[in-house]
Amino acid sequence: MNIDQQKKLRELLDRYYAADTTADEEKKILEMLSDSGLPDEFLPDREMIEAMFAFVPDESFETRLSDTIDALASKGRKGKLKSIILRYPKIVKCSMAASLAALIAVMVITRINAPLTERTYMSPKDTYEQTTMALMFFADALNKGYNAIEIADSTTVDATEKAIDALATIGTYFADY
Amino acid sequence: MDTEEFKDVFLPLGRLMYVEAIKILHSQADAEDAVQDMFTKLWEHRESLELINNPRAYAITMVRNHCLNIFNSAIHRQTEEAEPENVIAAVLSTDPLYEIENRDCIGKVLEIIDALPENQRKIITLHDMEGRTNQEIEQITGLSSDNIRQLLSRARKAIRSHFFLICKS
C-alpha cells in the first residue's frame, strides 16, 4: 500500500469514526483494510472494523433465504402429491379410471363426428389391421396405468405393515412391564 | 400461509435474526447457517404461524434458542474432549485461524457495545447492527439527524479506544 493510499485510508477512517461515511465508502474502507500490504498502524482498525462489519450479513444473504423458501415450497408441492397418492389409493384409482374413460369417450366421439371417408377402409382386412393396432395401443396404455397403480398400492401396504409392526413392538414392550 | 405471504412476513426479519445469532455465535458463517435452519423450521410450521400475534418476537426467540443450543453443545463438547485443539476444531467450522481471531474480535466489540451508555448503544445497534437508515432511526427514537450522527460517532470512537486498549493489554 503506497503513501497516497494510506492517506486516503486514514481520511476515510476519520470520517467513519465521525459517522460521516456513505455505505459505498464503508465498503471501500473494508476493501482497503483487507490489503495484504496494510501497514501495522492500521491493524487494530482492521480487527475492529472487520468485527463491526460481521454484523452485516453477506449481500446475497436475503436472496439465499428467498431461494431456500422457494426450494422448500416446490419440494412441498411434490411431497403433497405423493402423500395424497399414498393416503387415498382408492380415490386415485377411481380418478385415473374416470380420466381414462373420459379420454376414450372423447376419442370415440371425435371419430364418430369425423367425416365418413376418414373412418372408412378399403377392405375388411385393412379394417381388421387398424382395429388390432388400436386395441394393442389401448392395452399397452392400460397396462402402464395398471402397473403405476400396483406400485402405489404395494407402497401403501408396505408402509401400513411397517406401522403395524412398530405398534406391535411397542405393545410387546409395554406388555413386558 | 402461502409462499408469498411467508416471504412478506419473515424475509424482512432475516437481518434481525442474523444479528441475534451472531451475538451468541460470534461467527458470520455460523450465524447465517443458524438463520437458514430457522427459516426451514418456520416453513415447516407455516400452517400454525397464522396463529402467532408477533412473528418478529417469535422468530427472534426461536433463533436465540437455537443458537443457545448450538453454543451449549459446543461447551458440552469442550468439557468432554480433553485436548484443547479438539475443542477449537469442534467449535469452528472453516479456516480456523481466521475464525478464532474474528470470533475474539466480535466478542470484544459486543462486550464494549454492551458497556456503552444507553443512548449510544441504542443508536449503534440500530445503525451498525440492524442496518437501519437514519430516517428509520429518527422515526424510532424521535432524535434529529444531527443527534443521531453525533451519538453514532461517539459510540464508534468509544469502541475504537476500548478495543485498542484491550488489544494492547
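Taken together, the values in this text are just the output of simple stated rules run on the coordinates, not laboratory data. Here the structure is a predicted model, which means the values were calculated and not measured. Here the Cβ is made from the backbone with ideal geometry for all residues, glycine too, and neighbour counts use every protein chain on show.
Under the 0.36 nm per residue contour assumption, what length would be gained going from the current alpha-carbon distance of B:L68 and B:C167 to full extension?
32.9 nm
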Practice prompt. Going by C-beta contacts inside 10 Å, put B:H162, B:H127 in order with the fewest on the left.
Written response: B:H162, B:H127
Discussion item. Taking θ = phi - 60°, what integer Hz values does the Karplus form 6.51 cos²θ - 1.76 cosθ + 1.60 yield along segment B:17-33, in sequence order, with x for Gly and Pro?
Written reply: 5, 5, 4, 4, 5, 6, 4, 8, 8, 6, 8, 4, 4, 5, 5, 4, 4
Response to the item:
For the A:K7, A:E62 Cβ pair and Förster radius 35 Å, calculated FRET efficiency rounded to 0.05 is 0.45
Discussion item. Helix A:23-33 against the longest principal axis of chain A: what's the angle in degrees, Cα atoms only, rounded to the nearest 10?
Written reply: 70 degrees
Worksheet, complete the sentence: Assertion target for A:V106, B:V19, ordered by fewest C-beta neighbours within 10 angstrom first, is A:V106, B:V19
Discussion item. Taking 0.36 nm per residue of sequence separation and subtracting the Cα-Cα distance, how much length would be gained by fully extending the chain between A:T132 and A:A71, in nm to one decimal?
Written reply: 17.2 nm
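Please label the shape of chain A as rounded, prolate or oblate, based on the square roots a ≥ b ≥ c of the eigenvalues of the alpha-carbon gyration tensor (a/c under 1.5 means rounded; beyond that, a/b larger than b/c means prolate, else oblate).
Oblate shape, in that a/c is at least 1.5 and b/c is the bigger or equal ratio.
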Worksheet item: In nanometres, what is the gap between the two model label sites at A:I104 and A:E161, each 7 Å from Cα along Cα-to-Cβ?
Response: 3.2 nm
Practice prompt. First measure r as the distance between the Cβ atoms of B:I75 and B:T141, then evaluate 1/(1 + (r/R0)^6) with R0 = 30 Å and state the FRET efficiency to the nearest 0.05.
Written response: 0.25
